[in-house]
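Just below is one structure, and these are the notes that go with it.
The values are calculated or read from the model by the stated rules, or taken from the named source; none is laboratory data. These figures come from a predicted structure and were not determined experimentally. Note that each Cβ is placed from the backbone with ideal geometry, even for glycine, and that neighbours are counted across all protein chains shown. We work out accessible area using only protein heavy atoms, side chains counted, and drop any ligands, DNA or RNA first. Shrake-Rupley method; radii C 1.70, N 1.55, O 1.52, S 1.80 Å.
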Amino acid sequence: MQSKSRLLDPGIILVGVLLFCAAVVLIWWPTDVYFMGISLAGWLMFSSYAVWFLLAVIYVVWTEKREKAKNDK
């Protein structure tokens, strides 16, 4: 039985996406850009909650499809 690369695991890929999003916000944090009295980094963090939820849904669907394909073989 041939094992697949761990780097192609949905969890590893989505952790990379999460780290990228967090890095963008943390790199932006020191800048003093404000919108409606709130730092742009704050707005990015707030809007990222929708991204986290979407990534969680993608992870569940992706792993379910992989498990189903694995069981059908």
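Could you say which residue among Lys4, Lys65 is open to solvent by 60 Å² or more (accessible area, probe 1.4 Å), modelled with pLDDT of 80 or more and not small (Gly, Ala, Ser)? Give the derivation first.
Working: Lys4 fails: modelled with pLDDT of 80 or more.
Only one candidate qualifies: Lys65.
Taking Tyr59, is it open to solvent by 60 Å² or more (accessible area, probe 1.4 Å) and either charged (D, E, K, R) or without any contact (Cβ under 8 Å) to a residue 12 or more places away in the chain (or both)? Give the derivation first.
Numbers: open to solvent by 60 Å² or more (accessible area, probe 1.4 Å): yes; either charged (D, E, K, R) or without any contact (Cβ under 8 Å) to a residue 12 or more places away in the chain (or both): no.
No; evaluated as a whole, the condition is false for this residue.
Out of Phe20, Phe53, which single residue is closer than 22 Å to Leu8 by Cβ, within 13 Å of the chain's Cα centre (by Cα), open to solvent by 80 Å² or more (accessible area, probe 1.4 Å) and modelled with pLDDT of 85 or more? Show your work before the answer.
Values: Phe53 fails: closer than 22 Å to Leu8 by Cβ.
Residue meeting the stated conditions: Phe20.
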Within the set of pairs 6+ apart or on separate chains, which have a first residue in region 10-36 that is under 30 Å from Val61 (Cβ atoms), a second that is surrounded by fewer than 10 Cβ atoms within 10 Å (Cβ to Cβ) and modelled with pLDDT under 80, and C-beta atoms under 9 Å apart? Ile12/Arg6; Ile13/Leu7
